[in-house]
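Written below as structure tokens is the structure these notes are about.
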Amino acid sequence: MAVNEFIKKFSNEIYATKNDVIREMKTPLVDGIWSQVIEYRKAFYETLTLTNYDSTRFSVCLTPNISKKINNFERKLISILNKYSKLQRNFANEYFKNKTYKKILRYIARKYKIDIQDTVLDGIIDGTITFNLPADQTIIQRYYSCLQDIEENYLQDIDENTLGNFYSKLMGTDDLTEYYRKTDTNKYNGYSIGRLKIGVAPQNIENSVNQLIRFINYDNQSLIVKAVSTFYYIYYIRPFENYSEEIALLMLKKVLAYNDISSVAALLSFEALLENKDELEGKIADCQKYYDLTYLINYVLDKIEPLTDRIADDIVESQNVTIKKELYQADPEPISEQKEPIFESGAQTTAIPTIEKAFIEKEPLTSEELRGEPIQEGVFEPIHEEKVQEVTQEPAEEKEETVAPVLEEVQEHVETIEEPKQEEKDISVGRTEEEIKAYEDLVKPVQPTLNGSEKVNFAQNIAISNVPTGLTEDEATRLEEHLMEMNPNLSHGQAYFYARHCTIGMYYTVDQYKKCVGCAYETARSSMNNLVLLGYYKKELLKKKFVYLPVKRN
């Protein structure tokens, strides 16, 4: 291989350190080649506004292959965002988020050597477990609350308060007694290439944080360069006494979310970087030695890109699971028609057969029969064939041995009472008015309801004659899509809720958002407040409870 090919290989394919070149060339005599590698890279260096502990500014080397790698990864993130935005706001969305967040939280659990059950993780994610966690597991819940904050407030400006917000959540308190680190915790880890310095002097922390905030908000570097540089700088300066590594990861995601990746940034598994801290800090040491953050950027892309591909696969899996659930969902059981019993036990016998039998046999009705009580306990006797013949005047062998034909004949007698015919018998003969009325009420057809009880007919008058129904589901879905296209500041959950709760004159609450979208209460509250800031609702205090009124918009 020609020398020029080696030079390009060490800057494009593996982005090597001098020790990497020695291992590759299998000789320590590489000074000539290394100087040519540095010379080749000079054409692609871009200086950043971030400085090392000795005030030297960091750079990134965007060689052709490195630039291509960064661009491909950014396109991949945009593709994941598009796929995620198309997930239905129901089972598919919740299935994907639950599965992904569980993976992320397990990385944090392994960092702290916490043995945690899936059921506990499910409870943390769906909000059913909010307290009474073992002390060592509270960090899992607090880290998840930070991820929720990124997901719901991805358009919130990044400033010094952003770091403080994450730190207070991880500490589990809104009242921090102290802010930046007060003790000097410089940490030196020995590596073959030199020493790793972590933690700037306490008096320099505030200045370093301000430098980082300016870089995030005003530097024109690409999305990945800005996000990974933010991760490095928080990891390096160690602004707080605790949780600086977690805050470095959260800030990386926050930068991605704020710059076009939106809510899906919280679901990316950058926490995998903490799986091998020795390897990670080795790359950070390379950055410090050469003042070049490309080593860490290249490492992060190699580590995270396969996990990002799995996230895309998980989104497809979530869609398929939803489709299967809809296809194989059991059909509702049909409502069976109410049928008259033929031979029932005494406990199930109704009053109708008792009175029918009395009318057919031409016997006086007793008071017990008028009240609908069975003639005798146990199973009542079926009507004999001889008595059937008396009523129908037809041979017994031509009739089926069931009660149904007899009931039909009785119904004819009832019609005779309403419209008497000369050729038919008048069943009112020898009966009092009370007996006839009782019979008519009991043989009147019963209208079954869903629970099998009789339908009660009554006139219904309500105070509001025109109940607003809102949009149909199809209309709401179209409005939701329109809102997302019209206003990128809306999260998917906010657009979903507003499209179904935008009737002028109605009052909506945080609880309604929580139940509709299926999220935690704090997430629902921040989402409704964001909708207020965006001009979709007006917030009012009603009896010590906030309500939200839709604002008329063009």
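The values are calculated or read from the model by the stated rules, or taken from the named source; none is laboratory data. Keep in mind that this is a model prediction, so the values were computed, not measured. No Cβ is skipped: glycine too gets one built from the backbone with ideal geometry, and neighbour counts run over all protein chains shown. SASA here: full protein model, heavy atoms, side chains in, ligands and nucleic acids out. Shrake-Rupley method; radii C 1.70, N 1.55, O 1.52, S 1.80 Å.
When 48, 77 are checked against the criterion of being in contact with a Leu (Cβ under 9 Å, 6 or more places away or on another chain), closer than 24 Å to residue 236 by Cα and surrounded by 14 or more Cβ atoms within 10 Å (Cβ to Cβ), 48 stands alone in meeting it.
Being crowded, with 16+ Cβ neighbours inside 10 Å and modelled with pLDDT of 85 or more holds for only one residue in 252, 196, and it is 252.
Summed over the stretch 524-545, residues that are in a strand (DSSP E or B), of a type outside the set (Lys, Arg) and within 21 Å of residue 486 (Cβ to Cβ) total 1. Tell me, please, whether a residue that is within 22 Å of residue 519 (Cα to Cα), at pLDDT 90 or above and among the hydroxyl-bearing types (Ser, Thr, Tyr) can be found in the stretch 77-91. No, the conditions are met nowhere in the stretch 77-91. The residue that is farthest from residue 254 (Cα to Cα), among those in the stretch 118-143 that are of a type in the set (Ser, Thr, Tyr) and surrounded by fewer than 21 Cβ atoms within 10 Å (Cβ to Cβ), is 119. Against the condition of a type outside the set (D, E, K, R), assigned to a helix (DSSP H, G or I) and open to solvent by 60 Å² or more (accessible area, probe 1.4 Å), how does residue 259 come out, does it pass? Taking the combined requirement at face value, the residue does not satisfy it.
When only residues in the stretch 1-42 that are of a type in the set (Gly, Ala, Ser) and exposed (fewer than 14 other Cβ atoms within 10 Å of the Cβ) count, which is modelled with the lowest pLDDT?
Residue satisfying both the conditions and the ranking: 2.
Scanning the stretch 271-293 for residues that are assigned to a helix (DSSP H, G or I), touching a residue at least 24 places away in the same chain (Cβ under 8 Å) and open to solvent by 20 Å² or more (accessible area, probe 1.4 Å) returns 275, 289, 290. Looking at residue 50, is it of a type in the set (A, V, I, L, M) and touching a residue at least 60 places away in the same chain (Cβ under 8 Å)? For residue 50, the condition - of a type in the set (A, V, I, L, M) and touching a residue at least 60 places away in the same chain (Cβ under 8 Å) - is met.
Scan the stretch 204-232 residue by residue and report those that are over 19 Å from residue 54 (Cβ atoms) and open to solvent by less than 10 Å² (accessible area, probe 1.4 Å). Passing the criteria: 216, 224, 225, 227, 228, 230, 231. Scan the stretch 43-64 for residues that are assigned to a helix (DSSP H, G or I) and under 21 Å from residue 284 (Cα atoms) and the total you get is 1.
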